[in-house]
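The block underneath contains the structure these notes are about, expressed in structure tokens.
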Amino acid sequence: MTESVPLTWEEVARVYGRKIYNFAYRLTGNSDDASDLVQEVLLRVRKGLASYQPGSFEGWLWRITRNAFLDDVRRRNRRPTAPLPDEVDRWDRASSPSADAEYSRITLGDDVQKALLELPVEFREAVILCDVVGLSYEEIAQAVAVPVGTVRSRIHRGRKLLRESLT
Amino acid sequence: MTHAGELISAYLDGELPRSEVEQLFRHLSSCGRCSAEMQDLQAVRSAVRSLPLLELPPGLIPEADAELIPLHRNRGFLVGAAAAVVALVIAVAAIFTPSTAAISVEELNSRYGARASLDPAFGPAKVVVPQLTDVLE
């Protein structure tokens, strides 16, 4: 775990931006929501850095990220239901070669992504923090503010549900 | 041990203490169901870990698009330097330009062979060369 604290918001954005985006994308399943989440997280980081207490920086960062995600989920649940946009359908394949390559990258794990989105949020975030972000159980426990034993249980149950979806 | 359960995921993630690893393998050697579950969960774990790492959408985080010079320290200097270079180029151009600031299309054509096709209804086109004093104000 990285214990040294990035000094500036710009450095946090540069060093962790892509990781946050990937976490956000796997949680939400589409680029627009993931981008909004990244912006919200960086805003919170910017505000929070001034009062940050030295400790586990990544634990702090991922806690902010998952809290921002949960706040968004709660906000959506209060709103009239609107279908989530379908990233694959909306992706502009003809826009550029890089967009085409990115489309291929997304569809490559499409079934896995769909299965992730079917998981209850607490299982989804635990599995993604473990297998996409690469955090240890201890780091996930700090980010999610639950005991390590709960993390272990959530990851295991999440994977079992994924297995059912994927077979 | 009834069944291995979440010890399997913990083992796959390298999060199981050595003593429990031995206990797990003793169980797996005699439990086909848990052995099969170990294989399945290993496949699931690999599938999630094989998800492609996505690029940031361009422009989402400008700080991450390229290795930038620290914004808060050197950007002001660089902007100033760039402005100075531009001002110098314009100043040199102004010095070597005849004092009449307006040039007709005919004169441009004859001097550079350029083709300035403009609507004659608006009269002869004028290209205004900024004067040094204008730039520096």
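Quick note: the coordinates plus some simple rules give every number you see, no bench work behind them. Note that the structure is a prediction, hence the values are computed from the model and not measured. We place every Cβ from the backbone using ideal geometry, glycine too, and count neighbours over all the protein chains shown.
Structure notes:
- Distance between modelled label sites at residue A:165 and residue A:46, nm, 7 Å Cα→Cβ extension: 3.3 nm
- Residue-count net charge about residue B:9 - beta-carbon cut-off 14 Å; Lys, Arg +1, Asp, Glu -1: +1
- Its Cα centre serving as origin, the stretch A:13-52 has a Cβ charge dipole (Lys and Arg +1, Asp and Glu -1) of approximately 300 debye.
- Using a simple spin-label model with pseudo-atoms 7 Å out from Cα toward Cβ, residue A:121 and residue B:50 lie 3.1 nm apart.
- log₁₀ of I(q)/I(0) at q = 0.23, 0.30 Å⁻¹ - the stretch B:6-49, Debye sum with one point per alpha carbon: -0.77, -1.10
- Per residue of B:33-44, other chain Cβ atoms within 10 Å of the residue Cβ number 3 on average.
- On the beta carbon distance between residue B:36 and residue A:148, with R0 = 22 Å, the FRET formula returns roughly 0.25.
- Take each peptide in A:59-65, A:18-24, count the other Cβ atoms within 10 Å of every residue, and average; sorted highest first, the result is A:18-24, A:59-65.
- The distance separating the Cα centre of the stretch B:1-43 from that of the stretch A:134-149 comes to 21 Å.
- Within-12-Å neighbourhood charge of residue A:36 [Cβ basis; K, R +1; D, E -1]: -3
- Number of partner chain Cβ atoms within 10 Å, mean per residue of B:22-31: 0
- Exercise: per-residue mean of other protein chain Cβ atoms within 10 Å, A:129-138: 3
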